[in-house]
Amino acid sequence: KACQTGKISTAEAAAQSHIAQDAAVQTEQSKDAALDFQQEVQVDYTGLLSFLQRVEDAVIKELNKNWKSHAFDGFEVNGTDQDETVLCLHTLSYPEAQDQNLQVTSVSWNATGSVIACSYGRLDDGDWSTERSYVCTWNLDRRALNPQHPDLVVDVPSSVMCLAFHPSQPSLIAGGLFSGELVVWDTSRTEDPVIWRTGMTDDTHTDPVYQVKWLPDTKHRNHGRLLSVATDGKILVWREEQDGRLALAEGFAIVAQQIPRSTRLKKVGWGEAAVGVTSLSFSHFDPDVFVVGVEGGYPLRCSATAQAPALPRPGGSAPLRAPADLAFSPHAGPVYSVSCSPFHRQQKIKSCFLLPASPRNLFLSCGTDGQVHLHSMLQTQPLFALQLSKKYLFCVCWSPVRPLVFAAASGEGKYLQVHLFDLARSTQKPAVSLKQSMSDCPVFCLEFNTKHTRLLAAGDAAGTVKVWQLSSDFTEQGPREMSHLEQLASEIMD
């Protein structure tokens, strides 16, 4: 078999101008200067030797002192310049959604990291169950990117509260609706992108869906499962059916009997406030462990292997189990977001007990009290609490590349609604606060890009999505950063 390429044709074209003119720019040189340049340089070797002998002892002393110094232990030489700025690369919006005063309720990056999707809906007061909303996508690698013209717009008859791209199939997006229904869209099908949906059955959520996640199917690797949480207290797992339906595979329910009473929440109807689930995050070291946030203010540690039955639910096709096994110290209001740390040491632990300060046990929570709590999964009290805002905090998430960095979305602060924390610098104040919008509107959602790790997307109540390019300070892990996080947690616990 031949692998030689075909004959290559070449052509030349002249680009020289027809008229040429020389202009001298050299300064005039005198004859004496030319003679001086050609003369041999005279060096006082005797004086140089005398100088070196005088300073030899002092130089040797300083070199020995520096050799024994530990001032630069752990320092890593970085040949690239550190970029200390955080830039806004794109401001994306869909004018038709903004004309309806719709808000960006969720953002998600696809499996390649080049496409971002956002959902439009409403998170403030009112009944938006029948209002038209949208799911929009932009390919940021497209040369002809138009920030106000999405590559794809999907019309949805109910407000879209949350969405998530499939972790390995770049064209699949799952969304949760205000009506309680789940829908899966295939963005490669422009005419009819809906490929699966739950429909309105006895299994469907009866309250708005606030989070949806893709789960790996261990039995059928080519198929995925969906998990959804809603303020009806149910955590449901769905499987794909060939007829385009999402069928209920298993489910959980947060029951009031599993949650301790709080004197702070006595004025609130206990049966309603403590059960509604608003957020969920899976542990990155144990797939059966997850944390949920509830409207009663509690983060709860849960187990997917729990077998205790929850309260009976008439008409459902699968029994619901009660998964909660530990309630953490509450926020002063509903928890809107939880995020488990994605970092843990790749080493075997000889003891049967995990170290309390291990990063694998850490998670963040935030809520309407304006606080961010850093928790260990092994104790009820938070390791520390940050009062970031006087109003709501809607989202908090760990960096995928730096153990000491996380981002939080605030509901107040004129021009300052996205906060980046670096615990290596401070545990009390953000390292950077970003201007998400020129109006005092809250930021509802954040998501780091796991493929292009310098990108962070944020969506706000004004209907815009901003894509931020983070500086290398937030993306390049420093030496012994895991040890720093363990030490930080240990000092706080002590």
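The table below lists the values:
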{"read-out": "Cα-based radius of gyration of region 162-255 once divided by 2.2 N^0.38 Å, which approximates compact folds", "value": "1.01"}
{"read-out": "Whole-angstrom gap from region 189-214 to region 365-444, using each part's C-alpha centre", "value": "30 Å"}
{"read-out": "5 angstrom amide H check on Cys162, placed H, neighbours 5+ away", "value": "Gly176"}
{"read-out": "Restraint check, Lys7/Lys451; Lys429/Lys466; Lys390/Lys466; Lys65/Lys429; Lys234/Lys429; Lys390/Lys451, Cα-Cα greater than 30 Å", "value": "Lys7/Lys451; Lys65/Lys429; Lys234/Lys429; Lys390/Lys451"}
{"read-out": "Fraction in percent of alpha-carbon pairs per bin - 5 Å, region 372-494", "value": "2, 11, 21, 22, 20, 14, 7, 3, 0"}
{"read-out": "Solvent-accessible area per residue for region 422-494 (1.4 angstrom probe, square angstrom)", "value": "44 Å²"}
{"read-out": "With DNA, RNA and ligands ignored, accessible area of Glu476 (1.4 Å probe; Å², nearest 10)", "value": "80 Å²"}
{"read-out": "Sequence ranges 104-110, 197-203, 419-425, ranked by mean other-Cβ count within 10 angstrom, highest first", "value": "104-110, 419-425, 197-203"}
{"read-out": "Kirkwood Rh and Cα Rg combined as Rg over Rh, evaluated for region 431-471", "value": "0.97"}
{"read-out": "Accessible carbon and sulfur surface of region 148-240 relative to its total accessible area, %, 1.4 Å", "value": "47 percent"}
{"read-out": "Ratio Rg/Rh, restricted to region 101-203 and using Cα atoms, in which Rh is the Kirkwood radius", "value": "0.97"}
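The values are calculated or read from the model by the stated rules, or taken from the named source; none is laboratory data. In this text the structure is predicted, and so the values were computed from the model without any measurement. We place every Cβ from the backbone using ideal geometry, glycine too, and count neighbours over all the protein chains shown. These area figures cover heavy atoms from the full protein model, side chains too; ligands, DNA and RNA do not enter into them. Shrake-Rupley method; radii C 1.70, N 1.55, O 1.52, S 1.80 Å.
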